[in-house]
Amino acid sequence: MTAETARILPGLEGAPEQVDLVVVGLGVTGAGVALDAASRGLTVLAVDAHDVAFGTSRWSSKLVHGGLRYLASLQFGIAHESAVERGILMERTAPHLTRPLPWLLPLSSNVSFTQATLAAAGFQTGDLLRLAARTGRDTLPRPRRVSRTEALGLAPALRSAGLRGGLIYWDGQLEDDARLVTCLARTAAAHGAQVRTRVRVLEATGTTVQLRDELTGDTRTVTARAVVNAAGVWAGDLVDEIRLRPSRGTHVVLRAETIPGLRSALTVPVPGSTSRYVFALPQPDGTIFVGLTDEPVDGEIPDVPQPTEGEIGFLLDVLAAALDRPVKRSDVVGAFAGLRPLLEADGSTSDLSRKHAVLTSRSGVVTVVGGKLTTYRQMAEDAVDATGLTTRPCRTQDLPLLGAASRDVLAQVEEPARLVRRFGTEARYVIDEAVRATRLPEEELVAPGPAGVTLAELVFGVTHEGAVDADDLLDRRTRVGLVPEDREAALPLAERALALAGARL
Ligand SMILES: Cc1cc2nc3c(=O)[nH]c(=O)nc-3n(C[C@H](O)[C@H](O)[C@H](O)COP(=O)(O)OP(=O)(O)OC[C@H]3O[C@@H](n4cnc5c(N)ncnc54)[C@H](O)[C@@H]3O)c2cc1C
């Protein structure tokens, strides 16, 4: 495996016409399948109609969570699987892209004694899940009750009247979901997979796919020993037997100053419910995401789902109850929505999304759907096993993604913090490759631009990560696009990166 070969490429030029496995879709699931199969020695062609992380995988809450919520519905199997996968990501495969995040449930006057007792019991059980998954205390500390003063230290904007203290537990946070997918896809390429964006699968059987290069319009048939459909909410477009009933989840984006000094995630119970919460999640780039809604969606599946004003209002109203100064609509600087790929079984919607399903169609296509970002690795393992292509055991539990290293090693890396957070030990490589491609001085390439984004990472997005336009760079290689105002400010930098890198490709 070498970082040199680890390139995502746009279009079909030079792609193989015969492989062991074709993977449809480069969300977290498809990228995970490509890595699993390539690391077991199979030849792989993995394609996406648009771009890496174009679908649901970039609209998540960006958490690697240990399955606490599934305990409430007594789904111990899924909860355990989530906790195990969280530990693998945080301690072995992607410490560079994950971090421990404290969660604060403020015990304010609107949190009843019953809600507080249930939450405390849930947090303790969540800690048992961590223990059962063998995730260290260094990674995720013990849950505990905190005083009123400590709660206000973590979240100074909390409504102080009636505040009795708080409950704290720890879970995992991702630097960026789209970055995890891009890193997975490049790691798959480093293991020999051909990873292609802008390639749509028009038709699929268990042994053939008809592909269209969306850049040139060329079509081509590729033969394979197996085909895995990891097309998320679009999985049913390729396989008749798969029926999905997606549900929409919306987040709003705030500037950090809107909830000043927030150092932990904030959990606010939805009034009248003992199991629904609204979360405020601080991000390292100076924004806060507030989520999450759950609205059934019927009809045509849009490429980019849109949040509704009703959903935005709901999130702000619930959050307002916990704060001294309510968040206003005008404080919202961005909003995004994603569709959960829920599987419909026998005409009724059943929440298989969290469980994930691997289904082989009459024509032999293996579809892997549902689950969640945290459990992508297990989903990928199950899908590759279901193809029956190899008896070699899965290796991904112990396969670090590109740039991964222990937290101690990462702390020693001297490159700019933003690049270390997003590329781990590859930060130096990203800068060197950007210097090589542009001949610009390093200082210029690493200088923080709008929302902290650097020219170096944008250039690397073009040269190594398959970005072909400003949307790829601003909406998926970086997440500047989550705040339209920042996106506009960063557009000239993205265009410059495209001109500089594109000219030398
Ligand atoms: C609002 C929300 C918040 C969430 N938060 C979390 C969280 O914090 N943590 C967590 O663990 N999970 C979370 N999840 C769940 C998680 O995001 C999803 O389960 C996961 O991202 C699904 O990934 P996927 O690869 O299966 O699908 P997708 O990411 O949708 O990928 C499918 C890909 O297939 C491509 N495609 C479609 N049709 C074709 C075709 N014909 N040819 C080629 N390519 C095609 C698409 O372009 C797309 O890129 C959340 C989900 C939602 C909706």
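The values are calculated or read from the model by the stated rules, or taken from the named source; none is laboratory data. In this text, all values refer to a predicted model and were calculated from it rather than measured experimentally. Neighbour counts run over all protein chains shown; Cβ positions are idealised from the backbone, glycine included. Ligands, DNA and RNA are excluded from the accessible area calculation, which covers all protein heavy atoms including side chains. Shrake-Rupley method; radii C 1.70, N 1.55, O 1.52, S 1.80 Å.
Given charges of +1 on the Cβ of Lys and Arg and -1 on the Cβ of Asp and Glu, with all other atoms neutral, how large is the dipole of the chain about its Cα centre, in debye to the nearest 20?
Using Cβ point charges on Lys, Arg, Asp and Glu, the chain gives about 1600 debye.
Could you compute the net charge surrounding Val227? Neighbours are other residues with a C-beta less than 12 Å from the C-beta of Val227; K and R count +1, D and E count -1.
Value of the local net charge: -1.
Arg436 versus Lys328, label points 7 Å from Cα toward the beta carbon: distance in nm?
5.2 nm
What percent does the relative contact order of the chain come to when contacts are Cα pairs within less than 8 Å and at least six residues apart?
The value is 21 percent.
Strictly greater than 21 Å: what percent of every Cα pair in the stretch 409-474 meets that?
Tail of the P(r) past 21 Å holds 17 percent of the pairs.
Please report the Cα spread of the stretch 127-210 along all three principal axes, rounded to whole Å, starting with the longest.
Taking the Cα atoms of the stretch 127-210, the three principal extents are 63, 31, 24 Å.
About its Cα centre, what dipole magnitude does the stretch 34-101 give when the only charges are +1 on Lys and Arg Cβ and -1 on Asp and Glu Cβ, stated in debye to the nearest 20?
Taking the Cα centre of the stretch 34-101 as origin, the dipole is about 220 debye.
By the gyration tensor of its Cα atoms, with a ≥ b ≥ c the square roots of the eigenvalues, what is the shape of the stretch 161-285: rounded for a/c under 1.5, prolate for a/b over b/c, or oblate?
Taking the square roots of the gyration eigenvalues as a ≥ b ≥ c, the stretch 161-285 is prolate.
Which percent, nearest 5, of DSSP beta bridges in the chain are antiparallel?
Of all bridge pairs located within the chain, approximately 75 percent are antiparallel.
In Å, what is the Rg of the alpha-carbon atoms in the stretch 384-499, and how long is Dmax?
16.7, 51
Can you tell me the orientation of helix 113-132 relative to the chain, as the angle in degrees between its alpha-carbon axis and the longest Cα principal axis, to the nearest 10?
Result, in degrees: 40.
How much length, in nm to one decimal, is gained on full extension between Ala132 and Ser363, taken as 0.36 nm per residue of separation minus their Cα-Cα distance?
Full extension of this stretch gives 79.2 nm more.
Quick check: the distance between the Cα centres of the stretch 378-437 and the stretch 97-129, to the nearest angstrom?
Value for the Cα centre distance between the two parts: 31 Å.
Suppose accessible area is computed on protein heavy atoms with a 1.4 Å probe; arrange Arg263, Arg179 from highest to lowest.
Arg263, Arg179
Send over a whole-number figure in Å² for the accessible area per residue of the stretch 441-503, probe 1.4 Å.
Using a 1.4 Å probe on heavy atoms only, each residue of the stretch 441-503 averages 34 Å².
Taking only the alpha carbons of the stretch 260-303, what extent do you get along each of the three principal axes, in Å, biggest first?
Sorted from largest, the Cα extents of the stretch 260-303 read 42, 31, 12 Å.
If you take all C-alpha pairs in the stretch 141-186, what percent of them are over 14 Å apart?
Value for the stretch 141-186 (Cα pairs over 14 Å): 62 percent.
In degrees, nearest 10, range 0 to 90: what is the angle between the Cα axis of helix 76-88 and the longest Cα principal axis of the chain?
Its long axis makes an angle of about 70 degrees.
Report the gain in length on full extension from Asp398 to Ala161: 0.36 nm times residue separation, minus Cα-Cα distance, nm rounded to one decimal.
80.4 nm
How far apart, in nanometres, would the label points at Thr208 and Glu495 be if each is projected 7 angstrom from Cα along the Cα-to-Cβ direction?
With each label placed 7 Å out from Cα toward Cβ, I get 4.5 nm.
Roughly how many Å² is the accessible area per residue of the stretch 119-278, as a whole number, for a 1.4 Å probe?
I get 40 Å² per residue for this part.
For the chain, what Kirkwood radius comes out of the mean inverse Cα-Cα distance, in Å?
Averaging 1/r across every pair of different Cα atoms and inverting gives 23.2 Å.
Mind pulling the angle between the C-alpha long axis of helix 28-39 and the longest principal axis of the chain? Nearest 10 degrees, somewhere in 0 to 90.
Long axis of 28-39 versus the principal axis of the chain: about 50 degrees.
Over all distinct alpha-carbon pairs, what is the Kirkwood Rh of the stretch 449-491 in angstrom?
So the Kirkwood estimate lands at 10.0 Å.
Over the Cα atoms of the stretch 1-129, what Rg and Dmax result, in angstrom?
Calculated on Cα positions, Rg and Dmax stand at 19.9, 64 Å.
Just to be sure I follow: if Rg is taken over the C-alpha atoms of the stretch 284-388 and Rh is the Kirkwood radius over the same atoms, what is Rg/Rh?
Reported Rg/Rh, Kirkwood definition of Rh: 1.09.
Once the Cα atoms of the stretch 352-441 are picked out, what are the Rg and Dmax in Å?
Gyration radius and largest Cα-Cα distance of the stretch 352-441: 19.0, 57 Å.
Once the cut-off is 28 Å, how many percent of the Cα-Cα pairs in the stretch 69-201 end up in the long-distance tail?
The share of Cα pairs beyond 28 Å in the stretch 69-201 comes to 34 percent.
In terms of Cα to Cα distance under 27 Å, which lysines are near enough to Lys372, apart from those fewer than 8 places away along the same chain?
Reachable lysines: Lys62, Lys355.
Arrange the peptides 453-459, 150-156 so that the one whose residues have, on average, the most other Cβ atoms within 10 Å appears first.
Final packing ranking: 453-459, 150-156.
Can you list, bin by bin at 5 Å, the percent of alpha carbon pairs in the stretch 96-137, starting at 0?
6, 17, 20, 22, 15, 11, 7, 2
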